[in-house]
């Protein structure tokens, strides 16, 4: 090598060495920076791949009756689920999974897509409430699809079965329309109240979900628990219902369709509310089969899902005569002592309007007309009134409005007026005098809910106190399990003239003592033990020529039977309304149901209380069995 080139080579070698050491130093600095400065960030990223967050569903609060008997409880259930981060993306995988689990592939694909797009929520539930066969199926399918898991979750149980299905309602998974309407309130997969008090009291009953952080390996198997935040159960609630009285209503209605409502006259609490035919809310906790849809929702003419006490609109029949009497007395068209003669029929506007007693009642005062339920008497009152006079009285005493009960989907009663006719029948807006005659006995266009009717008779019992029916009684104290009462909704005073009230009260008492209801032996017997007041009613469903023609009518064309009133007669505690559909006369079908309610509330509940839902009371009359002799 030329000696003259050695210095140049040494310089070049020095540069390369410096560059190499510089690169090594840079790598050391980068490595140190990654290990020391960003180690926490990278640890967090690594944990995010290995640590999964699992929601812990919060149990809903229990529901109890006013005496502390459980109506709704929670049980432990197993569900087959897919965690949100494990949702499959391939169409063929979703289809194969649906086939393995006997699910609709299209429905499962839609649900997977909606869960994938949702920001947060619970895991996708594929199979609920697994029994032994369900668990076996889940384990077989999990062997092929390891992203599936079985989770423990609380499940609702309705202890009374059909006892209070319409009142309690049921729960279900929140649907997409609700999510879109209130995205800040609901999360996908959340269980919420769908009907009844489960829906109206949802905010009180639902708890706060917890969560746990778990470490999983590369196969998704849980390795360690990284801590959890426990779920907070919803608050348990007391309802104003009396389970024993509710059971009496259920048994008294039997197989008949109709409605029963009993109100507490102190504050408007609903002591009993039964709709027949009823349904068992437990049946709606799983996905409905086509048979269930047909049975309850589609092809059942008895409409078991309708909550008749607040959604059924019935012609009130003669139970409406008390309002007509109030309107006539307040308007001054008659006095309590005005005598009107009944010959069995009377002609108005060229048409004969018949009384239920073909031979006539003769001359009657108002008390006698109420007791005997004389149609001709009230035809005459209606003829002396304008339809808007009747509407004004109904409006004053709360019959034109919803009661405001804390249940969803209450319907408004239908009290006709000239303005109502114009709005409802624009092609024939004129109100005819003959229509007022029919309204005078609770027929024609008038229609009320059983709850609205019970509220009106509660007003009569309290001399003008318009109550707000309600079911929420209070919270259960977590420490003592006792009642922490809630404030009852306010009432409105619409005082009845004492002279008018005295006439109505005497008439309602005579209905049971000597009038239409007294013709029933059972009603007479109960009235001897507990004097009570009420009014029978028979609401015509279809027209008929005479009684022989009526006897040949099919069951669904028979008249509705009604009875409304209060008990005891003196210092009343409860008001009630009973409707038995297509059952004939109020005295034969509805009044005995009311008498059974009165008997239980005033007598039997103190000496022979009924067993609570889902449990049994010890029979004190069964002697203890002697111990077996040792062999």
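Values quoted throughout were computed directly from the atomic coordinates according to the rules given, and no laboratory measurement underlies them. Quantities reported herein were computed from a predicted structural model and do not represent experimental measurements. Quick reminder, even Gly has a Cβ in these numbers, built from the backbone with ideal geometry, and neighbours come from all protein chains shown.
Calculate the FRET efficiency for residue 211 and residue 13 from the Cβ-Cβ distance with a Förster distance of 51 Å, rounded to the nearest 0.05.
Details: r = 62 Å, r/R0 = 1.22.
Step by step, r from the Cβ atoms, then E = 0.25.
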Checklist entry - Taking the Cβ-Cβ separation of residue 493 and residue 571 as r and a Förster radius of 22 Å, what is the calculated FRET efficiency to the nearest 0.05? => result 0.70
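Calculated FRET efficiency, residue 349 and residue 175, Cβ-Cβ r, R0 60 Å, to nearest 0.05? Please list the in-between numbers first.
On the way: r = 54 Å, r/R0 = 0.89.
Efficiency, rounded to the nearest 0.05: 0.65.
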Checklist entry - Distance in nm between label sites at residue 107 and residue 28, each 7 Å beyond Cα in the beta-carbon direction? => result 6.8
Item to check | Full-stretch length increase - residue 430, residue 401 - with 0.36 nm per residue and alpha-carbon distance subtracted | outcome: 8.1 nm
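Averaging over all projection directions, find the projected area of the Cα convex hull of segment 409-536 and quote it in nm² with one decimal place. Could you put the intermediate results ahead of the total?
Values: hull surface 51.4 nm².
Average projection, Cα convex hull of segment 409-536: 12.8 nm².
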Checklist entry - So what's the gap between the Cα centers of segment 69-111 and segment 320-399, to the nearest angstrom? => result 63
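On full extension of the chain, what length is gained from residue 477 through residue 143, given 0.36 nm per residue of separation minus the C-alpha to C-alpha distance? Each step should come with its number before you reach the end.
Details: separation 334, 0.36 × 334 = 120.24 nm, distance 4.61 nm.
Roughly 115.6 nm would be gained on extension.
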Item to check | Directionally averaged projected area (convex hull, Cα atoms, segment 568-617), nm² | outcome: 4.9
Checklist entry - What value, in deg cm²/dmol to 500, does the helix sum -39500 (n - 2.57) over DSSP H runs of n ≥ 4 give at 222 nm once divided by the residues of the chain? => result -9500 deg cm²/dmol
Next on the checklist: What does the C-alpha gyration tensor say about the overall shape of segment 108-174? Classify as rounded when a/c is under 1.5, otherwise prolate if a/b is larger than b/c, or oblate.
Outcome noted: oblate
Next on the checklist: Restricting things to Cα coordinates, could you compute the convex hull volume per residue of segment 261-411 in Å³?
Outcome noted: 172
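Apply the a/c threshold of 1.5 to the C-alpha gyration tensor of segment 342-468 and tell me whether it is rounded, prolate or oblate. If you can, show how the numbers build up before the last one.
Details: a/c = 2.41, a/b = 1.31, b/c = 1.84.
Judged from the Cα gyration tensor, segment 342-468 comes out oblate (a/c at least 1.5, b/c at or above a/b).
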Checklist entry - At residue 484 and residue 423, where each label point lies 7 Å from the Cα along Cα→Cβ, what is the point-to-point distance in nanometres? => result 4.2
Checklist entry - According to a simple spin-label model (label point 7 Å from Cα along Cα-to-Cβ), what is the distance in nm between residue 75 and residue 152? => result 1.6
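With a ≥ b ≥ c taken as the square roots of the eigenvalues of the C-alpha gyration tensor of segment 311-398, please select rounded if a/c is under 1.5 and otherwise prolate if a/b is larger than b/c or oblate if it is not?
On the way: a/c = 1.60, a/b = 1.35, b/c = 1.19.
Prolate is the answer for segment 311-398, as a/c is 1.5 or above and a/b outweighs b/c.
Can you give the translational diffusion coefficient of the chain in µm²/s, computed by Stokes-Einstein from the Kirkwood radius over Cα pairs at 4 °C and 1.567 mPa s? Intermediate values should be presented prior to the final figure.
On the way: Rh = 29.2 Å.
The diffusion coefficient I find is 44 µm²/s.
Convex hull over the Cα atoms of segment 167-216, averaged projected area in nm²? Working shown, then result.
On the way: hull surface 18.1 nm².
Average of the hull's projected areas for segment 167-216 equals 4.5 nm².
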